[in-house]
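A quick write-up on the structure given underneath.
No lab work stands behind these numbers, since they all come straight from the coordinates. Everything quoted here is computed from the prediction, not taken from an experiment. Don't worry about glycine lacking a Cβ; one is built from the backbone with ideal geometry, like all the others, and counts go over all protein chains shown.
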Amino acid sequence: MSGFKFDPSQSGLRKTLREYEELALRFLWEIGEEGAVSGLIWRTVNEKLKPDGSISRASVIFAMNRFVDQGVLGWRDGTGKGGHHKIYYPLMDVEGYVKYIFKTMVESMMRDFPEETREVLDEVV
């Protein structure tokens, strides 16, 4: 599985996602199993980023493929104008994603710092 970066200074999903990544995931969570090709995801994200910014289509594709590697998204082959296309769709909802992030972090900490991790979990729970 591919990793992610954690920024405790951010709030919500932005702790582990860039703005465009969160917008892309929220779009896919909204449309569900129907899914979308990278071009539609890219256009939707850029529309929501306006007027302050935009993101390249390559960045969106890279992020979607990373989410596939993490098990957050799946994809199926679609055909249309221009040939074959990946149609990305969610395998997790937002709650599942949050649990995945937390579980991944705890498991990583347990591998490297088992005693300290247990102590802290006992303190906060």
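This table checks each residue for (1) in contact (Cβ under 8 Å) with a residue 24 or more places away in the chain; (2) in contact with a strand residue (DSSP E or B) (Cβ under 6 Å, 6 or more places away or on another chain); (3) of a type in the set (Lys, Arg).
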| site | (1), (2), (3) |
| --- | --- |
| 37 | yes, yes, no |
| 43 | no, no, yes |
| 57 | no, no, yes |
| 61 | no, no, no |
| 70 | yes, no, no |
| 79 | no, no, no |
| 120 | no, no, no |
Problem - Residues being among the basic types (Lys, Arg) and loosely packed, with under 13 Cβ neighbours inside 10 Å - total across the range 49-90 - result: 3
Practice task
Pull up the range 11-48, narrow it to residues that are farther than 18 Å from residue 75 by Cβ and among the aliphatic types (A, V, I, L, M), then point me to the one that is surrounded by the most Cβ atoms within 10 Å (Cβ to Cβ).
Solution key: 17
Exercise for the section: Hey, could you check the range 5-41 for residues that are of a type outside the set (A, V, I, L, M) and closer than 11 Å to residue 63 by Cα and say which is farthest from the chain's Cα centre (by Cα)? Expected result: 38
Completion exercise
Matching residues in the range 91-119 (more than 19 Å from the chain's Cα centre (by Cα) and either surrounded by 15 or more Cβ atoms within 10 Å (Cβ to Cβ) or hydrophobic (A, V, I, L, M, F, W, C) (or both)) number 4
Exercise for the section: Kindly list the number of the only condition in (1) assigned to a loop (DSSP other than H, G, I, E, B); (2) more than 19 Å from residue 22 (Cα to Cα) that fails for residue 92. Expected result: (2)
Practice task
Could you give me the residue pairs with C-beta distances under 9 Å whose first residue belongs to the range 96-107 and is within 24 Å of residue 32 (Cβ to Cβ), whose second residue is among the charged types (D, E, K, R) wherever it lies, and which are 6+ apart or on separate chains?
Solution key: 101/15
